Amino acid sequence: MDGNRWTVLARRRAGSDWEPVGEVHAPDEDMAVLLAKESFFRHGEGVDLAVARDGSFRALGDPDLLAFATDKSYRLQHGYTGLGGKRRRAAARVAALGARIDRPRPEDRRVLRERG
Amino acid sequence: MDTEAREAEFLAHVRAGGTVEAGDWMPDAYREGARKFIEMHANSEIMGALPEREWIPRAPSLRRKLSLTAKVQDEVGHGHLLYRVAEDLGKPRSQMIADLLAGRTKFHNVFHYPTHTWGDVAVIGFLIDGAALVNQQALLESSYGPYARVLTRICAEESLHQRHGEDLVLEMCAGSDEQRAMFQDAVTRWWEPVLHFFGPPSRPGGDILLHYRFRTATNEELRQRFFDRYVPKLWDLGIDVPDPDLAYDAEVGEWRWTQPDWEPLRRIARNDGPMTAERLALRRRLDDANAWVRAVMAEPEPVLAAA
């Protein structure tokens, strides 16, 4: 029995059920909440979190506490949108330079899927 | 049931696609092999954060600084998750950290090299993370359940890192001649370590982890998948790799590639790489400097009842 070990639970969306996502070691409830947030909720994984130990259960209860205080879109998929446009710009630059390397390669995407 | 029958049953179970949990009976060779593999993976996440950490102060914009910092935090987080999985196989986390710091255990070869320019950061974000993602996606099918489950989360974050890495690469390749040259130079220097990353071709039947379906693909299969995904992307960007014979052989259905000198990999396996001593020394300094945090986080002393 490890009294420092807390189970971390997440509510993925408003109204959804609690779902266990992992564990943290912490000496008290406040520190467990802080470590749970930093360990499992950096990328927008839920709207509430809870930590549980020995039958006690502490939920954050306020979605604002999981919201980002500043723009942290670099932690999210949508922070890297526009890759398609960047690919086209890079392709145009490579075409202007005549730098594309054309050597034998697998034929199409189907081959890549088959090979995993 | 005697041990031999148990082992046969275990082997049949994992070969048929069955998974193993931490509390299940498993052959000693499986437990030992799985623990070493996951421990090395955890070590590599922790040590792999260092080459990129070096570039946080020198990142070319605030946005790049923030996204690199977030990525380094993710990698260290992966280390934490993986040490937990490894410790359930019977080695305390404190011992794993102590062995890493003392140079008694290993971490992946690519983290033993210096990072000279911002081009290296792009190579790490795109090709090194790409190589790691190829490996980790294959391990999602691992027979060891706790590892496969923790990799689901890790792969989700790594796919974010992939976008980050491609973003860096596209910016450099669409940029000035100097930027393109900087990225090309980094790819040229990193090609050999990337080939080493997958290891020498596996000896048939020689890998106990493949035998027990802990790993699901051979070194060479993984390297070929990496070529499939990344070499055409580099060529499309006009970036070459230092192997004039690298080409896809449609008849064989495989890439032909030139064997590198494997000696640098053997040296690194003895913890004698270009940056091994320096990075381990930094890791030890950080460990000392942060000792007070671990002390604060330890279980509080029980309060003695008043006499």
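The values are calculated or read from the model by the stated rules, or taken from the named source; none is laboratory data. What you see is a predicted model, and the numbers here were worked out from it, not measured in a lab. No Cβ is skipped: glycine too gets one built from the backbone with ideal geometry, and neighbour counts run over all protein chains shown.
Looking only at region A:93-116, residues that are modelled with pLDDT of 90 or more, more than 8 Å from chain B (Cβ to nearest Cβ) and either surrounded by 15 or more Cβ atoms within 10 Å (Cβ to Cβ) or not in a loop (DSSP other than H, G, I, E, B) (or both) come to 2 in all.
Every test in (1) within 14 Å of chain A (Cβ to nearest Cβ); (2) touching a residue at least 40 places away in the same chain (Cβ under 8 Å); (3) part of a helix (DSSP H, G or I) is passed by B:ALA217 save one, and that test is (3). Any idea which of (1) in contact with a Gly (Cβ under 7 Å, 6 or more places away or on another chain); (2) on the phi > 0 side of the Ramachandran plot is the one B:GLY205 doesn't satisfy? So the condition that B:GLY205 fails would be (1). Listed by first and then second residue, the pairs with beta-carbon distance under 6 Å, at least 6 apart or on different chains, first residue in region B:185-206 and touching a residue at least 24 places away in the same chain (Cβ under 8 Å), second basic (Lys, Arg) and part of a helix (DSSP H, G or I), are B:PHE198/B:ARG223. Across region A:13-41, the qualifying residues are those that are part of a loop (DSSP other than H, G, I, E, B) and more than 12 Å from chain B (Cβ to nearest Cβ), and the one among them that is surrounded by the most Cβ atoms within 10 Å (Cβ to Cβ) is A:SER16.
Within this structure, B:ASP240 passes the test of being surrounded by 13 or more Cβ atoms within 10 Å (Cβ to Cβ), modelled with pLDDT of 95 or more and assigned to a loop (DSSP other than H, G, I, E, B). Determine whether region A:53-66 contains at least one residue that is surrounded by 15 or more Cβ atoms within 10 Å (Cβ to Cβ), within 14 Å of chain B (Cβ to nearest Cβ) and part of a strand (DSSP E or B). Checked against the condition, which is being surrounded by 15 or more Cβ atoms within 10 Å (Cβ to Cβ), within 14 Å of chain B (Cβ to nearest Cβ) and part of a strand (DSSP E or B), region A:53-66 yields at least one hit.
Among the residues of region B:115-123, is there at least one that is under 23 Å from B:GLY199 (Cα atoms) and part of a loop (DSSP other than H, G, I, E, B)? Yes: one or more hits. Residue pairs whose Cβ atoms lie under 7 Å apart, sitting 6 or more positions apart in sequence or on different chains, and linking a residue in region A:71-84 that is within 15 Å of B:LEU68 (Cα to Cα) and within 7 Å of chain B (Cβ to nearest Cβ) to a partner that is among the charged types (D, E, K, R) and assigned to a helix (DSSP H, G or I), are A:TYR74/B:ARG63; A:GLN77/B:ARG163; A:TYR80/B:ARG163; A:TYR80/B:ASP167.
One line per residue, one yes/no per condition, for (1) within 19 Å of B:ARG31 (Cα to Cα); (2) without any contact (Cβ under 8 Å) to a residue 40 or more places away in the chain; (3) within 12 Å of chain A (Cβ to nearest Cβ):
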position: B:ARG93; (1), (2), (3): yes, yes, yes
position: B:MET96; (1), (2), (3): yes, no, no
position: B:ASN109; (1), (2), (3): no, no, no
position: B:TYR113; (1), (2), (3): no, no, no
position: B:THR117; (1), (2), (3): no, no, no
position: B:VAL123; (1), (2), (3): no, no, no
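The condition of being part of a helix (DSSP H, G or I) and over 25 Å from B:ALA49 (Cα atoms) holds for only one of B:LEU222, B:LEU265, B:LEU210, that being B:LEU210.
Going by the conditions given, is B:GLU158 more than 10 Å from chain A (Cβ to nearest Cβ), in contact with a helix residue (DSSP H, G or I) (Cβ under 7 Å, 6 or more places away or on another chain), of a type outside the set (S, T, N, Q) and assigned to a helix (DSSP H, G or I)? Yes. Scan (1) part of a loop (DSSP other than H, G, I, E, B); (2) of a type in the set (Ser, Thr, Tyr); (3) within 12 Å of chain A (Cβ to nearest Cβ) for the single condition B:TYR248 breaks and write down its number. The single condition B:TYR248 does not satisfy is (1). Against the test of being out of contact with any strand residue (DSSP E or B) (no Cβ under 8 Å at 6 or more places or on another chain), surrounded by fewer than 15 Cβ atoms within 10 Å (Cβ to Cβ) and without any contact (Cβ under 8 Å) to a residue 40 or more places away in the chain, the options B:ALA70, B:ALA12 yield a single qualifying residue, B:ALA12. Against the conditions (1) in contact with a helix residue (DSSP H, G or I) (Cβ under 9 Å, 6 or more places away or on another chain); (2) at pLDDT below 95; (3) more than 30 Å from B:PHE111 (Cα to Cα), B:GLU4 satisfies every one except (1).
Could you tell me whether region B:68-82 includes any residue that is in contact with a Gly (Cβ under 9 Å, 6 or more places away or on another chain), within 12 Å of another protein chain (Cβ to nearest Cβ) and outside any helix (DSSP H, G or I)? No, there is no match, as no residue in region B:68-82 is in contact with a Gly (Cβ under 9 Å, 6 or more places away or on another chain), within 12 Å of another protein chain (Cβ to nearest Cβ) and outside any helix (DSSP H, G or I). Can you tell me which residue is surrounded by the most Cβ atoms within 10 Å (Cβ to Cβ) among those in region B:134-153 that are among the hydrophobic types (A, V, I, L, M, F, W, C) and within 16 Å of B:LEU81 (Cβ to Cβ)? The extreme case among them is B:LEU151. Condition check: of a type outside the set (S, T, N, Q) and modelled with pLDDT of 95 or more. Does B:ILE208 satisfy that? It is false that B:ILE208 is of a type outside the set (S, T, N, Q) and modelled with pLDDT of 95 or more.
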